[in-house]
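The values are calculated or read from the model by the stated rules, or taken from the named source; none is laboratory data. If you're wondering where the values come from, they're calculated on a predicted model, not measured in any experiment. Cβ: placed from backbone, ideal geometry, glycine included. Neighbour counts: every protein chain shown. Ligands, DNA and RNA are excluded from the accessible area calculation, which covers all protein heavy atoms including side chains. Shrake-Rupley method; radii C 1.70, N 1.55, O 1.52, S 1.80 Å.
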Amino acid sequence: MSLLFVIYLAVRRAVAAAYFRKGSPNAVQTAIRWDPANPQYHDALGTLMHLYADRRNSDEIVQLYRNATRLSPHDAQFWADLGAGYDWAGRPNDALDAFQHAQRLFPNSPEINWRLANFYVRGGKTPEALRTLGMVLQEDNTAERKVFTLATNATRDRNALLEMLPPQPPFFFDYLDFLIERGDIVGADEVWDRVLQLDLPFDLRETFPYLDALIQHAELEQLSKVWRALAQRFQAQVQPPAHSSNLVTNGGFESDILNGGLDWRVVPIEGAVVSLESVGVLDGAHSLRITFDGSRNLDYGHVFQYVPVQAKTRYRFSSHMRVQGITTDSRPRLQVCDAYNMGNIFVSSVSPVGTSGWSEQHAEFTTLADTRLLLVRVVRSVSGKLDNQIAGSVWIDDVRLIAE
């Protein structure tokens, strides 16, 4: 008889499972009739009814969730679903009790904390919501964007938002990038200040999106301030000018090109290769070399640096250049222009043709009333000649920009 009873139960459970897999409300109801002791079926039917029903059967939905928690009292997910059912039924106190019970059963669950945080937000309990969202961040690094979005929609208190972040650098820089994408530069500035205040360790390149945003929004005083702080902190990476009055970072190319901030940037392009050369340099250990392979008529402007300056101020620009085997009538040269209005060109050097040794280029100019950021770059215009594919190499060294 015992064996027959076991077989009977197994058959009922198998039939119930078959109905449950169909996934419709009617099928799940049938599964419950065949196997009423399975809490998953009660919870699933409550969720289906929650999704598709109206408030008139909210008590029935709550009862299904309560059945699930009664049959499996230590399952945190069932308690969280019960909290959602109470919330939907307009019973916030019961909902809070259920959500908090779920959290006690599984305190590190990102999903349960996320649901509890949303409940707090809807109830206007902002401090509790932010604290719970901080727990979500700690346990699920894929949830950052939705956490940041919910938190910033919940409160305008920037300090409270910063307090939400776990005190680890990735969270601060991810939040910084999030604010940049939203165009919130004031908020990004406050995140940066908090990073410095907490003395958090970070990689220099993590700051480049922030520096680019400051350039984009013309926050040039903050740009210079941040770059000075980085230069002090990363002295081995941010090459100071050989002369203290020189505004060009790494003008002698003695350090690796950082490709960000106020250092040189190199944008790769087919037909040209950029490298640091240690042979035949003008001074020091390196110069910059650009080699053109002769396959293209390049419109080139892919090596450049941003330099903050003062309006209506006189500057002296100088650089050294040598070439080898440079072809075509349009040759590489150094150009200084307004970064926000590139039609305002202040310097355009004369470039030698063919092969020549080191020669100095220099010029003096005065910035305009609205000039605050210069672009120093290597340029080469498209040639209109038949023989227009540029080949050869150019070396550049000792680039300086000095206020007079």
| On the given criteria, is residue 345 without any contact (Cβ under 8 Å) to a residue 24 or more places away in the chain and either touching a strand residue (DSSP E or B) at 6+ places or on another chain (Cβ under 6 Å) or open to solvent by 50 Å² or more (accessible area, probe 1.4 Å) (or both)? | yes
| message | Scan segment 38-45 and tell me whether some residue there is of a type in the set (Gly, Ala, Ser) and closer than 22 Å to residue 13 by Cα. | response | yes
| field | Meets criteria (more than 19 Å from the chain's Cα centre (by Cα), modelled with pLDDT of 95 or more, farther than 26 Å from residue 318 by Cα and among the charged types (D, E, K, R)) for residue 270 | value | yes
| note | Among (1) part of a strand (DSSP E or B); (2) open to solvent by less than 20 Å² (accessible area, probe 1.4 Å); (3) among the charged types (D, E, K, R), residue 289 falls short only on (2)
| note | All conditions in (1) of a type outside the set (Ser, Thr, Tyr); (2) farther than 25 Å from residue 103 by Cβ; (3) modelled with pLDDT of 80 or more are true of residue 63 except (2)
| Output for segment 349-396, where each listed residue is within 30 Å of residue 313 (Cα to Cα), in a strand (DSSP E or B) and either modelled with pLDDT under 95 or of a type in the set (Lys, Arg) (or both) | 358, 359, 360, 361, 362, 377, 380
| query | Applying the selection to segment 332-348, what residues are among the small types (Gly, Ala, Ser) and closer than 11 Å to residue 304 by Cβ? | reply | 339
| task | Having 1 or more residues that are farther than 30 Å from residue 170 by Cβ, among the acidic types (Asp, Glu) and touching an Asp or Glu at 6+ places or on another chain (Cβ under 9 Å) is the bar; report the helices (runs of 4 or more DSSP H) wholly within segment 32-145 that clear it. | result | 39-52, 76-88, 92-105
| request: Take segment 386-400 and flag every residue that is open to solvent by less than 30 Å² (accessible area, probe 1.4 Å) and of a type in the set (A, V, I, L, M). | output: 390, 391, 394, 396, 399
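Each row is one residue, and each column tells you yes or no for (1) open to solvent by less than 10 Å² (accessible area, probe 1.4 Å); (2) farther than 20 Å from residue 246 by Cα; (3) in contact (Cβ under 8 Å) with a residue 24 or more places away in the chain; (4) among the aliphatic types (A, V, I, L, M).
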position	(1), (2), (3), (4)
302	no, yes, yes, no
305	yes, no, yes, no
311	no, no, yes, yes
374	yes, no, yes, yes
| Matching entry among 94, 81 (being among the charged types (D, E, K, R), in contact (Cβ under 8 Å) with a residue 24 or more places away in the chain and open to solvent by less than 60 Å² (accessible area, probe 1.4 Å)) | 81
| query | Condition test on residue 171, is it over 18 Å from the mean Cα position of the chain (by Cα) and assigned to a helix (DSSP H, G or I)? | reply | no
| request: Go through segment 97-118 and give me each residue that's within 35 Å of the chain's Cα centre (by Cα) and open to solvent by 20 Å² or more (accessible area, probe 1.4 Å). | output: 100, 103, 104, 105, 106, 107, 108, 110, 111, 114, 115, 118
| If only one of 143, 129 is touching a Phe, Trp or Tyr at 6+ places or on another chain (Cβ under 8 Å), among the small types (Gly, Ala, Ser) and surrounded by fewer than 23 Cβ atoms within 10 Å (Cβ to Cβ), which one is it? | 143
| query | Of all strands (runs of 3 or more DSSP E) completely enclosed by segment 293-343, which ones contain at least 3 residues that are under 30 Å from residue 372 (Cβ atoms) and touching a His at 6+ places or on another chain (Cβ under 9 Å)? | reply | 314-326
